[in-house]
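Quick note: the coordinates plus some simple rules give every number you see, no bench work behind them. Quick caveat: nothing in here was measured; it's all calculated off a predicted structure. Every residue, glycine as well, gets a Cβ built from its backbone with ideal geometry; the counts of neighbours run over all protein chains shown.
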Amino acid sequence: MTATTLSEGRAADRRAPAPARRRSAGRWFADTGWRHVVGVVFIVYAVFPIVYVLSASLSAGGTLTGSNQLFDTISGTNYAALADTAFWSWFANSVQVAVVTAIGTVLMGAAAAYAFSRFRFQGRRAGLTTLLIVQMFPQMLAFVAIFLLLISLGEVVPALGLNSKVALVCVYLGGALGVNTFLMYGFFNTIPRELDEAAKIDGATHAQTYWTIILRLVTPILAVVALLSIIATFGEFVIARVLLQSESNWTLAVGLYSWVSSLLEANWGLFAAGAVISTIPILALFMFLQKYIVGGLTAGSVKG
Amino acid sequence: MTDLQHPGATSATVDRPDPGADAATPPKAPRERRVRPDESPAGRYGPGFLVKLALMAVVDAFGAYVVWSAWVAESWVVLGAMVAMLAVANWVYFSRRTVPLKYVLPGLIFLFTFQIFTIAYTGWVAFTNYGDGHNSTKDDAISALLTQNERRVEGSPSLPLTVVTDGDALGFAVVRPDGTTAVGDADDALAPVEATVTEGRIAAVDGWEVLDRQEILERQGEVTNLRVPLSDDPNDGSVRTQDARTGYVFTPTLVYDEAADTMTDTTTGTVYTPNDEGQFEAADGSTLQVGWRVFVGFDNFTTAFSDSRYAGPFFQVVVWTFVFAFLSVATTFLLGMFLATVFNAPHLRGRKIYRTLLILPYAIPGFVAPLLWSGLLNRSFGFVNQVLLGGAAVPWLTDPWLAKFSIIAVNLWLGFPYMFLICTGALQSLPTDVLEAAKIDGAGRLRTWRSVTMPLLLVSTTPLLISSFAFNFNNFALIYMLTGGGPRFADASVPLGHTDILITMVYSVAGLDGSAPKNFGLASALSIVIFVIIATISAIAFKRTRSLEEIN
């Protein structure tokens, strides 16, 4: 079907290069109209589950069956009921963990990118290559070892053991360098080196150059890395599930999973309301970041 | 900004440091010039130096605390690692020769501890039998065996006993048959102590607080579980109580002979000797429950590949992992590319709205979507069966084949926006001259697309397709949340199902959620298998993209 429409479109193009307004409805459809049809069909496909969860969160019943009639009832009971659960402490945990991880990631990643971009030292190539290789192996692959490591660490420092949010942040920070340094390294390389050199001549130390000149110039990439890190940490499930054991310490991912996996039927309204609330911050960040994300996704690859 | 227009800024001599500031640093070979700080903050006690000093003081204080705790807990590996880290940190931040390291070190420490070390540790555990029944060292196993198999010594005297606390842990204060008093807790054996005795029972003792009736009732469980060793030799037994007033001596039914390294059961007289699998084994082949960690060589890998219980499911899981990862990439890429092509028409109205709405699924947190779909696809109450199919009872998530289909379908919903984004990006950056040349040569739209657009698109997106493959290869959250790996294989001896992929198999085998006995050794061996597969995929990716060449 696609092939024929495409070739018809080609024919229309060749025969009538006239302005769109004068074309007949048939030709308009062959050229542009079908794209709208495809667009509407796939928008329904993409958006329908989101509409459904909104409706389920507003339904008064709160059961899975009761949510099937879209926007049958509009009530805030599910949202109000969240206050009786541990939901808001999960939300706070997720936000805390995500924000602290993002700050740590940006500080450590930017510092490392600065060193790799501005200094020439022994082991620099080896370091960059190692980072490139390490980032191929997602941290979650070693979750058994992380679990065992935290058992041992917890015997020494309880705050770094199992069931600790601090330990979870530390584990996430272990993956910070591998994932983000390259993104930042590329951006740091685009800042003209003459700027640091001028600062150096004016008597600035390397630390002054870094904190007062370079960091200000790379603010866009810092923001992007921080937001990407927040999005990734907020949605992380495996490591949080393995490490956090008591309900009050769970993150949203672990908590909402527990609602759905146990007593699915009765908790559905709660889950829907929780899902909507946890989606809002990420959706907002995402819309804000959209153009950067597209740029970032393709920047590393489109060079060919 | 005028400062930046310094005449030296563009000249080749900028590397030459300011002579006054550099007096402290001796001249070096020209190659190292950039590395050397022209003026180290350590040399000028300015605010920056003070901040550094304060931060290092905090780090050192924390490190000293960890070293001390590790000493107390007798955790020598942690102690050694912490001392090494502290030494490196202090050297790096107070030396002038380590400028690049000053920037890299914090990230490096986290990277080493929580990523590189854990990968190495996975490799180590893969060759041991770490897991339920083999949780610790041989010494721990021996003392656990001795304490778990106890019985009251017949005819032993009853000891008048008082429950005491040192503020945190509970202890027992007893009056021995010879009239002497002693106190001890779970960790420290009974030791003689001066105490006030009233009515044959200890009423007060230095350094300990006597619990009153109410407090004993509140901590009843703790009191009845408490065992205070009689002496440092576990063979001597320990004091326990049921009523918090009278204690009895319990001795182990097992006796450990240190010289012969054997366990003897005093009731039956059976002698147990340690075997290669980290357990005490009797002549008739029976073993004691608690064992210890030993190296088992390639046993875990052999189990995965050839054990009758695991080999069958393991191969099914591996095949499904590859099929799932491949189909995930293929379906999402095809749909994403199709949509990107459709909306790449420059004169299409509302393109921006279409794009924004289409990428919505990508903007939803990764854990919400699979959970949401698990409800939509629910067999009895889900929206898909109830509303779209008018009350059908299609077992979307509980039939082996339909569950696989559902996973691919849900992943398509989740994943096509990403492919749509990258294909849109790639299409927009296609060189227009090539397209024009094709047009001039008389190629139609379809021909242009097949011979020019498509190859160029594949060249630029292949690296992302490979990393997407690697990601889906380990797409734990999707599988675990949607089907939990189910439906289960008919053979119930292993906790695996038809939609399990390797990473969820690792999780189930490790037994971290308590649904199966813990087997960290086998789980780590499976992780190593994943590492090898990912490494192979990455090597191919490297070869194709030559990313390494970009490092200069």
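Observations, loosely collected:
- Between B:Val77 and B:Arg351, the modelled label-to-label distance comes to 5.7 nm, taking each label 7 Å out from Cα in the direction of the beta carbon.
- Amide H contacts under 5 Å for B:Gly247, placed H, 5+ residues apart: B:Leu159, B:Leu161
- For the stretch A:85-299, size of Cβ-based charge dipole, Lys and Arg +1, Asp and Glu -1, in debye: 520 debye
- Neighbours of B:Asn344 by Cβ distance under 11 Å: Lys/Arg scored +1, Asp/Glu scored -1, total +3.
- Rounded Å value of the spacing that divides the Cα centres of the stretch A:96-135 and the stretch B:322-364: 32 Å
- Helix B:520-545 vs. chain B, principal-axis angle (Cα, 0 to 90°, nearest 10): 20 degrees
- Stokes-Einstein D (µm²/s) once Rh is taken as the Kirkwood radius of the stretch B:150-260 over alpha-carbon pairs, at 20 °C in 1.002 mPa s: 151 µm²/s
- Per-residue Cβ neighbour rank within 10 angstrom, fewest leading, B:Trp68, B:Trp396, B:Trp401, A:Trp259: B:Trp401, B:Trp68, A:Trp259, B:Trp396
- Charge dipole of the stretch B:83-159 about the Cα centre (unit charges at C-beta), most positive-ward option of B:Val104, B:Phe127, B:Leu145: B:Val104
- Projected onto their three principal axes, the Cα atoms of the protein assembly as shown cover extents of 116, 85, 55 Å, largest first.
- Dividing the summed helix terms, -39500 (n - 2.57) for each DSSP H run of n ≥ 4, by the number of residues in chain B produces a 222 nm estimate of -14500 deg cm²/dmol to the nearest 500.
- Where labels lie 7 Å past Cα in the beta-carbon direction, separation of B:Asp206 and B:Gln428 in nm: 8.1 nm
- Between the helical axis of B:138-148 and the longest alpha-carbon principal axis of chain B there is an angle of about 50 degrees.
- Residue-wise HN-Hα couplings along the stretch B:278-294, as the Karplus relation 6.51 cos²θ - 1.76 cosθ + 1.60 with θ = phi - 60° gives them from phi, are x, 9, 8, 10, 8, 4, 7, x, 6, 10, 7, 4, 8, x, 9, 6, 9 Hz; Gly and Pro carry x.
- Here the Karplus relation 6.51 cos²θ - 1.76 cosθ + 1.60, evaluated at θ = phi - 60°, turns the backbone of the stretch B:467-473 into coupling constants of 6, 5, 4, 5, 5, 5, 4 Hz, with x for every Gly and Pro.
- With 0.36 nm allotted per residue and the present C-alpha distance subtracted, the B:Asp139-B:Thr253 stretch has 39.3 nm of extension available.
- Listed residue pairs exceeding 27 Å between alpha carbons, taken from A:Lys200/B:Lys102; B:Lys404/B:Lys543; B:Lys439/B:Lys543; A:Lys200/B:Lys52: B:Lys404/B:Lys543; B:Lys439/B:Lys543
- Dipole moment magnitude, nearest 20 debye, the stretch B:311-550 about Cα centre, only Lys, Arg, Asp, Glu C-beta charged: 560 debye
- Hydrophobic long helices, here whole DSSP H runs in chain A with Kyte-Doolittle means of at least -0.5 and Cα atoms spread over 18 Å or more along the helix axis, are found at A:34-58, A:87-118, A:143-156, A:176-190, A:219-235, A:264-299.
- For chain A: rounded, prolate or oblate by the Cα gyration tensor [a/c cutoff 1.5]: oblate
- Tilt relative to chain B, helix B:76-94 - C-alpha long axis, 0 to 90 degrees, to 10: 50 degrees
- Both radii were evaluated on the Cα set of chain B; the Rg over Rh quotient, with Rh as the Kirkwood radius, amounts to 1.10.
- Sites B:Lys439 and A:Ile277 - FRET efficiency at Förster radius 56 Å, r taken between beta-carbons, to 0.05: 0.65
- Structure-based [θ]222 nm, chain A - -39500 (n - 2.57) summed over DSSP H runs of at least 4, per residue, nearest 500: -22500 deg cm²/dmol
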